[in-house]
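Colleague: If you scroll down you'll find the structure; I have some questions about it.
The values are calculated or read from the model by the stated rules, or taken from the named source; none is laboratory data. These numbers come from a predicted model, not from an experiment. For neighbour counting, all protein chains shown are included, and Cβ atoms are generated from backbone atoms with ideal geometry for every residue, glycine included. Remember, those area values only see protein heavy atoms, side chains included, never the ligands or the DNA or RNA. Shrake-Rupley method; radii C 1.70, N 1.55, O 1.52, S 1.80 Å.
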Amino acid sequence: NPIPPAAARQKGVEALRAGHVGVMLVAGGQGTRLRFDHPKGMFPIGPVSGKSLFQIHCEKVLAASRRYGVRIPLYLMTSPETHDETVAYLAEQQRFGLSAEDLLIFCQGTMPAVDARTGKILLADRHHIALSPDGHGGMLAAFQRSGAMADARRRGIRHLFYFQIDNPLVHVCDPEFLGYHLASGSEFTSQVVRKQQPLEKVGNVVEVDGRLQVIEYSDLPDDVAARRNEDGSLAIWAGSIAVHGMALSFLERMVESAAGLPFHRAMKRVPHLDPQGNRIDPDQPNAIKFERFIFDLMPSAQPAAIVEVDPAEHFAPLKNAPGETHDTPESVKAQMAAEHRQWLRSAGFEAPDNVPVEISPLFALDAEEMASRMLARKPITEPTYFG
Ligand code: UTP
């Protein structure tokens, strides 16, 4: 049963001030759809500033730690694909203001890719098999293996705010969300958005035998996705946006449990050597990769919970290359600017639709903070960055 928003916010603020909250950011994906030659976190996404995803996320953590007067550790997961470049980039940028002790970077594991027809393990070259990151669910094992989980325990962290590198709209350490997570006694709480279309490409949160679980869109039959209630609304309506609150004690229990997380199969394009040693660069998916999904923890949580959020304010995933139909750099920048324009308008600014605006997380983390800034409310007529 939800508590009032103000009470939830207060509860979240108390946990933050007490130093009970850490942040988990997963950035081990290969970002193949975006077609960017570096880790996705380095992609310049600020609509006016051109700041990278890494910078925006690091600044949100820094701003939260200043606001709540507490050290907030950022646990950042990379993969062998993204690790070295991420470490070098963040060092060069001085971790965008985070202290070295509060940014812990750890690397996830890999799994071999197999030929989709024969099931045989593919060779990347003569002396190496083709490996790829073992999915965002690889976080659980890697968090422990790296010692980062023990670090969280030592610091007195009790809950993690988890999110993905590709969503610059995420409200990192959102106190209201954390408050619902805490007040419900949940071990695993997910932000969801109300689906507009049955076949949206999000994980679907459903209740099976009294337990919440997520079914990936690719695993949900179309006719089941299309089912509607009597009032016309979608029966399966809750789309996960991969923002979770997790109790540290739950992760510790799950990492020890023998069952662990299952592997899902994904058909992907994997360059490899054929049996004659010729290099093959397929243009169609040819291989099966094995990935673990973090949301498979949900049915084991006692209990789990969901919190509905407005996608316009919380969800703009960068997935696809420029020029594609959705989730592109253009659409993500437009959504960021739209959110910040709303904050400006509610703070009394005149901000026309077609003029890009951007507010640094270090300037304001939300509409209220923007409104509290002592600024001349001049009409905005050209691209403007508040930083
Ligand atoms: P996606 O599954 O969308 O993959 O990852 P991706 O790497 O961003 O893009 P494609 O599919 O190759 O185009 C969702 C989130 O999970 C992380 C990604 O970094 C992203 O934040 N992730 C994914 C990992 O950390 N490790 C993985 O093995 C897979």
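Colleague: Would you tally the net charge around GLY179, using a Cβ to Cβ cut-off of less than 12 Å, leaving GLY179 out, and scoring K and R as +1, D and E as -1? List each step's numbers first, then the result.
Modeller: Values: positive: ARG9, LYS11; negative: GLU14, ASP174, GLU176.
Summing Lys and Arg as +1 and Asp and Glu as -1 gives -1.
Colleague: Give the carbon-plus-sulfur fraction of the accessible surface of the stretch 83-239 in %, rounded to a whole number; probe 1.4 Å, heavy atoms of protein chains only. Present the calculation step by step, with values, prior to reporting the outcome.
Modeller: On the way: 3630 of 7540 Å².
Its accessible area is 48 percent carbon and sulfur atoms.
Colleague: Ranked highest first by average number of other Cβ atoms within 10 Å, how do 165-171, 153-159, 305-311 line up? Write down the numbers at each step before the final one.
Modeller: Values: 165-171: 22.9, 153-159: 15.9, 305-311: 17.9.
The most tightly packed comes first, giving 165-171, 305-311, 153-159.
Colleague: Contact order normalised by length for the stretch 141-298, with contacts defined as Cα pairs under 8 Å and 6 or more residues apart; what percent is it?
Modeller: Working: 214 pairs, mean separation 38.4, N = 158.
Reported relative contact order: 24 percent.
Colleague: What is the magnitude of the charge dipole of the chain about its Cα centre, with +1 placed on the Cβ of each Lys and Arg, -1 on the Cβ of each Asp and Glu, and no other charges, expressed in debye to the nearest 20? Show your work: numbers first, answer last.
Modeller: Details: 40 positive and 47 negative charges, 142 e Å.
Taking the Cα centre of the chain as origin, the dipole is about 680 debye.
Colleague: Going toward the positive end of the dipole of the stretch 1-135, with +1 on Lys and Arg Cβ and -1 on Asp and Glu Cβ, which of ALA124, LEU90, ALA15 do you reach last?
Modeller: ALA15
Colleague: Could you work out the helix-only [θ] at 222 nm for the chain, with each DSSP H run of four or more residues adding -39,500 (n - 2.57) and the total divided by the number of residues, to the nearest 500 deg cm²/dmol? Mind dumping the intermediate values first?
Modeller: Details: 11 runs with 104 residues, N = 387.
Mean residue ellipticity, 222 nm, calculated: -7500 deg cm²/dmol.
Colleague: With a 1.4 Å probe and all protein chains kept in place, how much accessible area does THR32 have, in Å² rounded to the nearest 10?
Modeller: THR32 exposes around 90 Å² with every protein chain in place.
Colleague: Find out how many positive minus negative residues lie around LEU74, taking Lys and Arg as positive, Asp and Glu as negative, among other residues whose Cβ is under 13 Å from that of LEU74.
Modeller: Numbers: positive: LYS60, ARG71, ARG95, ARG155; negative: GLU59, GLU101, ASP102, ASP151.
Once positives and negatives cancel, what remains is 0.
Colleague: Moving on to the next point. Which distance in Å, rounded to a whole number, links the C-alpha centroids of the stretch 83-144 and the stretch 299-314?
Modeller: First find each Cα centre; the distance between them is then 27 Å.
Colleague: Any chance you could list P(r) for the stretch 71-208, counting all Cα-Cα pairs in 10 angstrom bins from zero, rounded to whole %?
Modeller: For the stretch 71-208, the binned pair fractions read 9, 29, 34, 21, 7, 0 percent.
Colleague: Rounded if a/c is under 1.5, else prolate if a/b is larger than b/c, else oblate: which is the stretch 204-301, with a ≥ b ≥ c the root eigenvalues of its Cα gyration tensor?
Modeller: Working: a/c = 3.29, a/b = 1.42, b/c = 2.31.
Note, shape of the stretch 204-301 comes out oblate.
Colleague: Accessible area per residue for the stretch 80-166 in Å², computed with a 1.4 Å probe and the full protein assembly in place, what is it?
Modeller: On the way: 4300 Å² over 87 residues.
Per residue, the stretch 80-166 has an accessible area of 49 Å².
Colleague: Additional query: Send over the per residue convex hull volume for the stretch 32-84, Cα only, as a whole number of Å³. Before the final figure, lay out each step's value.
Modeller: Numbers: hull volume 5.2 nm³, N = 53.
It comes to 98 Å³ per residue, whole-number rounded.
Colleague: May I pose another question? Let me see the P(r) profile for the stretch 156-198: every Cα-Cα distance counted, bins of 10 Å, each bin given as a percent of all pairs.
Modeller: Per 10 Å bin, starting at zero, the Cα-Cα P(r) for the stretch 156-198 comes out as 21, 51, 25, 3, 0 percent.
Colleague: Right, next: Percent relative contact order of the chain, based on C-alpha pairs within less than 8 angstrom and at least six residues apart?
Modeller: Details: 791 pairs, mean separation 79.5, N = 387.
RCO, the chain: 21 percent.
Colleague: Check SER132: other-chain or 5+ apart residues with amide H under 5 Å from its amide H, H built from backbone geometry?
Modeller: Sorted by chain and number, the residues that satisfy this are MET111, ALA113.
Colleague: How high is the relative contact order of the stretch 309-387, in percent, with contacts defined as C-alpha pairs under 8 Å that are six or more residues apart?
Modeller: Working: 100 pairs, mean separation 20.4, N = 79.
This gives 26 percent for the stretch 309-387.
Colleague: Within the set of other residues whose C-beta is less than 14 Å from the C-beta of ALA338, count the net charge using Lys and Arg as +1 and Asp and Glu as -1.
Modeller: On the way: positive: LYS333, ARG341, ARG345; negative: ASP310, GLU313, GLU330, GLU339, ASP353, GLU358.
Combined, the nearby Lys, Arg, Asp and Glu give -3.
Colleague: Can you give the direction-averaged projected area of the convex hull of the alpha-carbon atoms in the stretch 146-253, in nm²?
Modeller: Values: hull surface 35.7 nm².
Mean orientational projected area (the stretch 146-253, Cα hull): 8.9 nm².
Colleague: What size of dipole, in debye to the nearest 20, comes out for the stretch 97-151 about its Cα centre when the only charges are +1 on Lys and Arg C-beta atoms and -1 on Asp and Glu C-beta atoms?
Modeller: Here the size comes out at about 420 debye.
Colleague: Post the alpha-carbon centroid distance, the stretch 269-296 to the stretch 15-47, in whole angstrom.
Modeller: 25
Colleague: Moving on to the next point. How would you classify the chain from its alpha-carbon gyration tensor, with a ≥ b ≥ c the square roots of the eigenvalues: rounded for a/c under 1.5, else prolate if a/b is greater than b/c, otherwise oblate? Can you show the working numbers first?
Modeller: Working: a/c = 1.41, a/b = 1.31, b/c = 1.08.
Here the chain falls in the rounded category.
Colleague: Can you give the three extents of the C-alpha atoms in the stretch 1-104 along their principal axes, from longest to shortest, in whole Å?
Modeller: 45, 30, 30
Colleague: Please list the radius of gyration and Dmax for the stretch 118-173, considering alpha-carbon atoms only, with Å as the unit.
Modeller: 17.0, 49
Colleague: Sticking with this one: If amide hydrogens are placed 1.01 Å from N in the peptide plane, which non-local residues have theirs closer than 5 Å to the one on CYS107?
Modeller: Sorted by chain and number, the residues that satisfy this are THR78.
Colleague: Could I ask something else about it? Once neighbouring chains are kept in place and the probe is 1.4 Å, which whole percent of the accessible area of the stretch 256-387 is contributed by carbon and sulfur?
Modeller: Numbers: 3700 of 7090 Å².
That fraction is 52 percent.
Colleague: A further question on this structure: About the Cα centre of the stretch 47-151, what is the dipole size in debye to 20, counting +1 per Lys and Arg Cβ and -1 per Asp and Glu Cβ, all else neutral?
Modeller: Values: 10 positive and 11 negative charges, 59 e Å.
That gives the stretch 47-151 a dipole magnitude of about 280 debye.
Colleague: Rg and Dmax in Å for the stretch 310-385, alpha carbons only: what are they?
Modeller: 13.1, 40
Colleague: On to the next question. Roughly how much of THR381 is accessible, in Å² to the nearest 10, using a 1.4 Å probe?
Modeller: 110
Colleague: Here's something else I'd like to know. Starting from the Kirkwood radius over alpha-carbon pairs of the stretch 80-135, derive D by Stokes-Einstein at 4 °C in a medium of 1.567 mPa s and give it in µm² s⁻¹.
Modeller: Values: Rh = 13.7 Å.
D, rounded to a whole number, is 94 µm²/s.
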